[in-house]
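Have a look at the structure below before the remarks.
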Amino acid sequence: MVRRFARLLTAIGLLAGMPVAALAQDTACRNGAFPREPGFIEAVVTAPGRTFFYADINGCPPQGDCRTNSYVIEGDRVIVGRSLGEFVCAYYPSPAGGSAGWVRYEALRVFPVDRNPGLASWEGRWTRENNPEVTITVEDGEAKIMGVAFWPGRPETTEWPSIHIGEIDGRLHIEGPLASYADDNLCELELTLLADFLVISDNRRCGGVNVTFSGVYTRAP
């Protein structure tokens with residue numbers, strides 16, 4: 001947990017314009033892998049018009065012309081991960097599954113990270129378009145997380161002949177904006193709490209085939 005918090009502070013310093021010796025060594029930035037990148041920060045798009053995502057293929061970025069058709073507009077909230085030159089890996093949550101890719105840092109304004117959110121900030125039901133879902137509760141100063149994930153989807157939403165499921169239920173260890181979970185079934189989660197989002201990454205051992213809790217969650221109504 002201490003190492004993860006140090007990575008978060010490094011990312012904050014980088015995005016604030018402070019010199020950091022080592023940037024990302026590759027150009028990977030896409031939906032499935034995004035929750036596994038360290039140092040998440042929330043940002044808002046401030047550039048007028050369309051801010052396009054750039055793909056992570058053929059040396060892009062910073063070389064090549066890899067602009068995609070996906071874009072965000074002024075006022076959209078995004079989650080920022082690691083940096084590569086003038087670009088940052090960003091994710092925009094949406095009902096269609098969200099978009100991830102490289103965007104120009106100059107188009108964003110980064111929000112300060114709350115390094116000491118209260119336990120109440122974690123509480124509630126968090127969802128990634130209803131699959132997965134997790135609920136965090138606090139009682140007597142101790143946080144607990146429960147959740148369920150399905151693949152390929154919730155039973156009532158798919159005709160797939162075999163539905164795989166994953167479940168979590170246990171104590172959540174919280175340190176500042178970061179948290180971790182582990183159980184006897186070898187499932188491990190790492191969580192990052194931002195102002196409007198909860199980012200979860202698992203170790204791919206939290207359920208049946210293809211089941212994952214990794215993703216960007218929003219607080220359910």
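When the alpha-carbon atoms of the chain are used, the pair Rg, Dmax equals 17.6, 55 angstrom.
If you wrap the range 64-174's Cα atoms in a convex hull and average its projection over all directions, what's the area in nm²?
Working: hull surface 41.5 nm².
Projected over every direction and averaged, the Cα hull of the range 64-174 covers 10.4 nm².
Here residue 157 and residue 65 are evaluated by their C-beta separation; at R0 = 22 Å the FRET efficiency comes out at 0.05.
Using a 10 Å cut-off around each Cβ, can you sort 53, 40, 197 from fewest to most neighbouring Cβ atoms? Spell out each step's value before the answer.
Details: 53 24, 40 27, 197 19.
Listing 53, 40, 197 from fewest to most nearby Cβ atoms yields 197, 53, 40.
Inter-part distance, the range 78-94 to the range 145-221, computed on C-alpha centroids, equals 22 Å. Here is the P(r) of the range 119-219: all C-alpha pair distances, binned every 5 Å from 0, give 3, 14, 25, 26, 17, 9, 4, 2, 0 in whole percents. Look at 29, 206, 60 and count the other Cβ atoms within 10 Å of each Cβ; fewest to most, that gives 60, 206, 29.
Based on the Kirkwood approach, the hydrodynamic radius assigned to the range 45-103 is 11.7 Å, with every pair of different Cα atoms included.
Helix 2-15 and the long axis of the chain differ in direction by around 30°, with both axes built from C-alpha atoms.
Only the coordinates and a few stated rules stand behind these numbers; no lab work does. All values reported here derive from a predicted model rather than from experimental measurement. Cβ atoms come from the backbone with ideal geometry, glycine included; neighbour counts cover every protein chain shown.
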